[in-house]
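A short write-up of the structure that comes next.
The values are calculated or read from the model by the stated rules, or taken from the named source; none is laboratory data. Source: prediction; values computed, not measured. Here the Cβ is made from the backbone with ideal geometry for all residues, glycine too, and neighbour counts use every protein chain on show.
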Amino acid sequence: MEHIRCLIIGSGPAGYTAAIYASRANLNPVLYEGIQPGGQLTITDMVENFPSHPEPISGPELMDLMRKQVEKFGVEIRSHLCVKSDLSKAPYVFTFDDESQVEADAVIIATGASAKFLGLSDEEKYRGMGVSACATCDGFFYRKKTVAVVGGGDTACGEASYLASLAAKVYLIVRKPYLRASKILQERVMNNPKIEILFETNTLGLYGEGGVEGAHLVYRKGEADERKYDLPIDGFFLAIGHNPNSEVFKPWIETDETGYIKTEGATPKTNIPGVFAAGDVADPNYRQAIVAAGSGCKAAMEAEKYLADQGL
(Lines give C-alpha, C1' and ligand atoms only; values in the text may rest on other atoms or scores of the structure.)
Protein backbone atom coordinates (compact mmCIF):
# COMPACT_ATOMS: atom_id res chain seq x y z
CA MET A 1 0.00 0.00 0.00
CA GLU A 2 1.25 3.46 -0.86
CA HIS A 3 2.40 5.48 2.14
CA ILE A 4 1.84 9.25 2.23
CA ARG A 5 3.33 11.54 4.84
CA CYS A 6 0.68 14.29 4.57
CA LEU A 7 -2.60 13.58 2.82
CA ILE A 8 -5.01 16.39 1.89
CA ILE A 9 -8.53 15.33 0.97
CA GLY A 10 -10.49 18.02 -0.88
CA SER A 11 -9.56 21.12 -2.83
CA GLY A 12 -11.01 24.61 -2.73
CA PRO A 13 -9.33 27.45 -0.79
CA ALA A 14 -8.78 25.28 2.30
CA GLY A 15 -7.26 22.29 0.55
CA TYR A 16 -5.13 24.31 -1.86
CA THR A 17 -3.80 26.60 0.88
CA ALA A 18 -3.01 23.62 3.09
CA ALA A 19 -1.11 22.07 0.17
CA ILE A 20 0.95 25.23 -0.38
CA TYR A 21 1.97 25.45 3.28
CA ALA A 22 2.56 21.71 3.63
CA SER A 23 4.75 21.63 0.55
CA ARG A 24 6.81 24.62 1.71
CA ALA A 25 7.31 22.75 4.99
CA ASN A 26 8.67 19.73 3.08
CA LEU A 27 5.81 17.46 4.15
CA ASN A 28 5.52 16.01 0.62
CA PRO A 29 1.73 16.40 0.54
CA VAL A 30 -0.54 14.58 -1.89
CA LEU A 31 -3.89 16.26 -2.61
CA TYR A 32 -7.04 14.49 -3.75
CA GLU A 33 -9.40 16.96 -5.42
CA GLY A 34 -12.63 14.98 -5.30
CA ILE A 35 -15.55 15.34 -7.70
CA GLN A 36 -15.57 19.16 -7.67
CA PRO A 37 -12.00 20.43 -8.13
CA GLY A 38 -11.83 23.92 -6.71
CA GLY A 39 -14.91 23.48 -4.55
CA GLN A 40 -17.97 25.73 -4.43
CA LEU A 41 -16.17 28.77 -5.81
CA THR A 42 -16.16 27.06 -9.20
CA ILE A 43 -19.92 27.70 -9.35
CA THR A 44 -19.62 31.31 -8.16
CA ASP A 45 -19.88 33.92 -10.87
CA MET A 46 -17.69 36.78 -9.68
CA VAL A 47 -15.59 37.26 -6.52
CA GLU A 48 -14.86 40.78 -5.30
CA ASN A 49 -13.93 40.22 -1.65
CA PHE A 50 -10.81 38.05 -1.89
CA PRO A 51 -7.68 40.05 -0.97
CA SER A 52 -5.09 40.81 -3.68
CA HIS A 53 -7.70 41.03 -6.46
CA PRO A 54 -8.69 44.69 -6.88
CA GLU A 55 -10.77 43.82 -9.92
CA PRO A 56 -13.60 41.24 -9.88
CA ILE A 57 -12.42 37.72 -10.67
CA SER A 58 -14.56 34.75 -11.56
CA GLY A 59 -14.71 31.90 -9.06
CA PRO A 60 -13.30 29.34 -11.52
CA GLU A 61 -10.43 31.69 -12.44
CA LEU A 62 -9.55 32.31 -8.79
CA MET A 63 -9.44 28.58 -8.08
CA ASP A 64 -7.40 27.93 -11.19
CA LEU A 65 -4.81 30.43 -9.96
CA MET A 66 -4.70 28.71 -6.57
CA ARG A 67 -4.27 25.34 -8.24
CA LYS A 68 -1.38 26.64 -10.35
CA GLN A 69 0.31 27.92 -7.20
CA VAL A 70 -0.08 24.47 -5.64
CA GLU A 71 1.45 22.88 -8.76
CA LYS A 72 4.32 25.37 -8.64
CA PHE A 73 5.38 23.89 -5.31
CA GLY A 74 5.38 20.39 -6.74
CA VAL A 75 2.31 19.03 -4.97
CA GLU A 76 0.92 15.89 -6.56
CA ILE A 77 -2.76 16.44 -7.34
CA ARG A 78 -5.03 13.47 -7.92
CA SER A 79 -8.59 13.59 -9.23
CA HIS A 80 -10.31 10.93 -7.17
CA LEU A 81 -13.05 10.87 -4.52
CA CYS A 82 -12.53 9.39 -1.06
CA VAL A 83 -15.23 6.76 -0.49
CA LYS A 84 -14.03 5.08 2.72
CA SER A 85 -11.81 5.84 5.69
CA ASP A 86 -10.27 3.79 8.48
CA LEU A 87 -9.04 6.00 11.30
CA SER A 88 -8.93 3.25 13.91
CA LYS A 89 -5.15 3.46 14.14
CA ALA A 90 -2.23 5.31 12.56
CA PRO A 91 -1.18 5.33 9.81
CA TYR A 92 -4.73 5.99 8.61
CA VAL A 93 -6.11 4.19 5.56
CA PHE A 94 -8.29 5.71 2.82
CA THR A 95 -10.03 4.14 -0.16
CA PHE A 96 -10.85 6.09 -3.32
CA ASP A 97 -13.37 5.69 -6.12
CA ASP A 98 -10.79 4.03 -8.40
CA GLU A 99 -10.46 1.32 -5.70
CA SER A 100 -6.95 2.50 -4.80
CA GLN A 101 -5.88 2.71 -1.17
CA VAL A 102 -3.29 4.84 0.62
CA GLU A 103 -2.14 5.17 4.20
CA ALA A 104 -1.15 8.48 5.72
CA ASP A 105 0.62 9.75 8.81
CA ALA A 106 -1.14 13.14 8.89
CA VAL A 107 -4.44 13.99 7.23
CA ILE A 108 -6.13 17.28 6.41
CA ILE A 109 -9.84 16.98 5.63
CA ALA A 110 -10.95 19.88 3.41
CA THR A 111 -13.97 18.37 1.68
CA GLY A 112 -16.18 21.44 2.08
CA ALA A 113 -19.95 21.70 2.36
CA SER A 114 -22.48 21.60 -0.45
CA ALA A 115 -25.35 24.08 -0.56
CA LYS A 116 -28.79 22.53 -0.56
CA PHE A 117 -30.87 23.21 -3.65
CA LEU A 118 -34.55 22.70 -4.35
CA GLY A 119 -33.83 20.14 -7.05
CA LEU A 120 -35.23 22.18 -9.93
CA SER A 121 -33.60 21.75 -13.33
CA ASP A 122 -33.69 25.54 -13.70
CA GLU A 123 -31.33 25.93 -10.75
CA GLU A 124 -28.61 24.22 -12.75
CA LYS A 125 -29.60 26.00 -15.95
CA TYR A 126 -29.20 29.46 -14.39
CA ARG A 127 -26.36 28.72 -11.97
CA GLY A 128 -23.99 31.67 -12.17
CA MET A 129 -26.62 33.53 -14.22
CA GLY A 130 -28.92 34.64 -11.44
CA VAL A 131 -28.95 31.61 -9.14
CA SER A 132 -26.71 31.74 -6.09
CA ALA A 133 -26.33 30.06 -2.70
CA CYS A 134 -24.21 32.82 -1.19
CA ALA A 135 -25.57 36.33 -0.66
CA THR A 136 -22.27 37.55 0.78
CA CYS A 137 -20.46 36.35 -2.34
CA ASP A 138 -22.86 37.60 -5.00
CA GLY A 139 -25.14 40.18 -3.38
CA PHE A 140 -23.14 43.15 -4.63
CA PHE A 141 -24.09 42.33 -8.23
CA TYR A 142 -27.75 42.96 -7.42
CA ARG A 143 -27.47 46.50 -6.16
CA LYS A 144 -30.77 48.32 -6.70
CA LYS A 145 -32.29 45.22 -8.28
CA THR A 146 -35.03 42.80 -7.22
CA VAL A 147 -34.11 39.45 -5.72
CA ALA A 148 -35.75 36.50 -3.99
CA VAL A 149 -34.43 34.39 -1.11
CA VAL A 150 -35.77 30.88 -0.48
CA GLY A 151 -35.97 29.68 3.12
CA GLY A 152 -37.45 30.51 6.49
CA GLY A 153 -34.66 29.86 8.98
CA ASP A 154 -31.84 31.93 10.44
CA THR A 155 -29.73 31.68 7.29
CA ALA A 156 -32.54 32.84 5.02
CA CYS A 157 -33.50 35.76 7.24
CA GLY A 158 -29.89 36.79 7.59
CA GLU A 159 -29.33 36.62 3.84
CA ALA A 160 -32.56 38.56 3.17
CA SER A 161 -31.50 41.32 5.58
CA TYR A 162 -28.04 41.50 4.02
CA LEU A 163 -29.46 41.68 0.49
CA ALA A 164 -31.93 44.36 1.57
CA SER A 165 -28.96 46.62 2.27
CA LEU A 166 -28.04 46.35 -1.41
CA ALA A 167 -31.10 45.49 -3.47
CA ALA A 168 -34.15 47.61 -4.17
CA LYS A 169 -36.55 44.81 -3.21
CA VAL A 170 -36.20 41.40 -1.54
CA TYR A 171 -38.84 38.67 -1.57
CA LEU A 172 -38.51 35.96 1.07
CA ILE A 173 -40.13 32.77 -0.23
CA VAL A 174 -41.25 30.57 2.68
CA ARG A 175 -43.07 27.29 2.12
CA LYS A 176 -44.54 27.24 5.64
CA PRO A 177 -47.01 29.77 7.12
CA TYR A 178 -44.37 30.91 9.60
CA LEU A 179 -40.66 31.64 9.98
CA ARG A 180 -38.33 29.22 11.80
CA ALA A 181 -35.68 31.84 12.46
CA SER A 182 -34.78 33.22 15.88
CA LYS A 183 -37.04 35.96 17.21
CA ILE A 184 -34.57 38.78 16.63
CA LEU A 185 -33.98 37.78 13.00
CA GLN A 186 -37.73 37.43 12.40
CA GLU A 187 -38.30 40.94 13.71
CA ARG A 188 -35.46 42.30 11.60
CA VAL A 189 -37.00 40.85 8.45
CA MET A 190 -40.57 41.79 9.24
CA ASN A 191 -39.64 45.37 10.08
CA ASN A 192 -37.59 45.94 6.94
CA PRO A 193 -39.67 47.84 4.37
CA LYS A 194 -37.59 46.39 1.52
CA ILE A 195 -38.44 42.79 2.42
CA GLU A 196 -41.74 41.13 1.52
CA ILE A 197 -42.42 37.67 2.93
CA LEU A 198 -44.34 35.24 0.72
CA PHE A 199 -45.65 32.62 3.15
CA GLU A 200 -46.98 29.20 2.03
CA THR A 201 -45.23 29.64 -1.29
CA ASN A 202 -43.18 27.16 -3.33
CA THR A 203 -40.97 27.71 -6.36
CA LEU A 204 -41.92 25.66 -9.43
CA GLY A 205 -39.23 26.99 -11.76
CA LEU A 206 -37.34 29.97 -13.14
CA TYR A 207 -37.45 31.78 -16.45
CA GLY A 208 -35.43 34.26 -18.46
CA GLU A 209 -33.33 34.73 -21.60
CA GLY A 210 -29.64 34.53 -20.80
CA GLY A 211 -30.27 34.81 -17.07
CA VAL A 212 -32.95 34.82 -14.39
CA GLU A 213 -35.79 37.21 -15.11
CA GLY A 214 -38.40 35.70 -12.83
CA ALA A 215 -39.71 32.73 -10.86
CA HIS A 216 -42.74 30.53 -11.34
CA LEU A 217 -44.41 30.34 -7.93
CA VAL A 218 -47.39 28.57 -6.39
CA TYR A 219 -49.29 29.73 -3.32
CA ARG A 220 -50.73 27.02 -1.03
CA LYS A 221 -49.70 24.15 -3.28
CA GLY A 222 -52.24 21.32 -3.33
CA GLU A 223 -54.89 23.30 -1.45
CA ALA A 224 -58.31 24.33 -2.74
CA ASP A 225 -57.18 27.94 -3.07
CA GLU A 226 -53.91 27.06 -4.82
CA ARG A 227 -52.72 29.91 -7.04
CA LYS A 228 -49.87 29.92 -9.54
CA TYR A 229 -48.20 33.12 -10.67
CA ASP A 230 -44.94 34.54 -12.00
CA LEU A 231 -42.73 36.86 -9.95
CA PRO A 232 -40.29 39.13 -11.85
CA ILE A 233 -36.85 39.04 -10.17
CA ASP A 234 -33.22 39.54 -11.16
CA GLY A 235 -31.62 37.10 -8.72
CA PHE A 236 -32.64 33.89 -6.94
CA PHE A 237 -30.81 32.99 -3.71
CA LEU A 238 -31.00 29.60 -2.00
CA ALA A 239 -30.75 29.73 1.81
CA ILE A 240 -32.06 26.35 2.91
CA GLY A 241 -28.84 25.12 4.45
CA HIS A 242 -25.66 23.23 3.61
CA ASN A 243 -24.59 19.62 3.77
CA PRO A 244 -21.02 19.23 5.08
CA ASN A 245 -19.18 16.59 3.06
CA SER A 246 -18.13 14.55 6.08
CA GLU A 247 -20.06 11.30 5.61
CA VAL A 248 -17.09 8.99 4.94
CA PHE A 249 -15.33 10.20 8.11
CA LYS A 250 -18.31 10.01 10.50
CA PRO A 251 -17.54 6.53 11.87
CA TRP A 252 -14.41 8.02 13.43
CA ILE A 253 -14.59 11.81 13.49
CA GLU A 254 -16.84 13.70 15.89
CA THR A 255 -19.40 15.94 14.14
CA ASP A 256 -22.29 18.10 15.25
CA GLU A 257 -25.92 17.18 14.58
CA THR A 258 -25.72 18.61 11.04
CA GLY A 259 -22.49 16.82 10.17
CA TYR A 260 -19.93 19.61 10.55
CA ILE A 261 -16.65 18.26 11.92
CA LYS A 262 -15.95 19.35 15.48
CA THR A 263 -12.53 20.84 16.15
CA GLU A 264 -10.73 21.77 19.37
CA GLY A 265 -11.36 25.43 20.06
CA ALA A 266 -9.82 27.69 17.44
CA THR A 267 -7.55 24.91 16.17
CA PRO A 268 -8.15 22.52 13.24
CA LYS A 269 -7.54 19.48 15.49
CA THR A 270 -10.20 16.75 15.47
CA ASN A 271 -10.71 14.02 18.04
CA ILE A 272 -8.29 11.81 16.08
CA PRO A 273 -4.56 12.62 16.59
CA GLY A 274 -2.94 13.73 13.35
CA VAL A 275 -6.25 14.33 11.58
CA PHE A 276 -7.19 17.97 10.98
CA ALA A 277 -10.25 19.64 9.44
CA ALA A 278 -10.16 22.85 7.41
CA GLY A 279 -12.66 24.94 5.48
CA ASP A 280 -16.41 24.64 5.22
CA VAL A 281 -16.57 21.01 6.36
CA ALA A 282 -15.79 22.34 9.85
CA ASP A 283 -17.35 25.81 9.55
CA PRO A 284 -21.14 26.16 9.97
CA ASN A 285 -20.90 29.92 10.48
CA TYR A 286 -18.77 31.81 7.97
CA ARG A 287 -18.33 29.71 4.81
CA GLN A 288 -16.11 32.31 3.11
CA ALA A 289 -13.13 31.64 0.86
CA ILE A 290 -10.73 33.77 2.89
CA VAL A 291 -11.74 32.02 6.13
CA ALA A 292 -11.30 28.62 4.49
CA ALA A 293 -7.87 29.59 3.20
CA GLY A 294 -6.80 30.69 6.68
CA SER A 295 -7.99 27.43 8.21
CA GLY A 296 -6.06 25.50 5.55
CA CYS A 297 -2.92 27.34 6.63
CA LYS A 298 -3.56 26.45 10.28
CA ALA A 299 -4.18 22.79 9.40
CA ALA A 300 -0.89 22.50 7.51
CA MET A 301 1.04 24.13 10.35
CA GLU A 302 -0.55 21.78 12.88
CA ALA A 303 0.20 18.80 10.63
CA GLU A 304 3.86 19.87 10.47
CA LYS A 305 4.02 20.13 14.26
CA TYR A 306 2.30 16.76 14.71
CA LEU A 307 4.66 14.97 12.35
CA ALA A 308 7.68 16.52 14.04
CA ASP A 309 6.42 15.54 17.50
CA GLN A 310 5.87 11.98 16.28
CA GLY A 311 9.31 11.81 14.70
CA LEU A 312 7.73 11.32 11.28
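Tabulated data
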{"read-out": "Pairs where the first residue, in the range 6-25, is touching a residue at least 12 places away in the same chain (Cβ under 8 Å) and the second is crowded, with 24+ Cβ neighbours inside 10 Å and among the polar types (S, T, N, Q), C-beta under 8 Å, 6+ apart", "value": "Ile9/Thr111; Gly10/Thr111; Gly10/Asn245; Gly12/Gln40; Ala14/Ser295"}
{"read-out": "Of residues in the range 30-42 being touching a helix residue (DSSP H, G or I) at 6+ places or on another chain (Cβ under 6 Å) and aliphatic (A, V, I, L, M), the one modelled with the highest pLDDT", "value": "Leu31"}
{"read-out": "Extreme residue, farthest from Val174 (Cα to Cα), among residues of the range 197-218 that are under 24 Å from the mean Cα position of the chain (by Cα) and not in a strand (DSSP E or B)", "value": "Gly211"}
{"read-out": "Strands (runs of 3 or more DSSP E) completely within the range 235-312 that count 2 or more residues being buried (at least 17 other Cβ atoms within 10 Å of the Cβ) and modelled with pLDDT of 95 or more", "value": "235-238, 275-277"}
{"read-out": "Matching option when the condition is in the same structural domain as Ile272 (by TED's automatic domain parsing), farther than 30 Å from Glu254 by Cα and of a type outside the set (Asp, Glu), among Val47, Val83, Val70", "value": "Val47"}
{"read-out": "Filter result for Ala289 (touching a Pro at 6+ places or on another chain (Cβ under 9 Å), farther than 27 Å from Asp154 by Cα and assigned by TED's automatic domain parsing to the domain that holds Gly34)", "value": "no"}
{"read-out": "Residues of the range 39-66 classified as crowded, with 18+ Cβ neighbours inside 10 Å and under 18 Å from Ser79 (Cβ atoms), total", "value": "7"}
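Table: residues versus (1) modelled with pLDDT of 95 or more; (2) on the phi < 0 side of the Ramachandran plot; (3) out of contact with any His (no Cβ under 6 Å at 6 or more places or on another chain).
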residue	(1), (2), (3)
Ser11	no, yes, yes
Arg24	yes, yes, yes
Asn28	yes, no, yes
Thr44	no, yes, yes
Asn49	no, yes, yes
Ile57	no, yes, yes
Gln69	yes, yes, yes
Ser88	yes, yes, yes
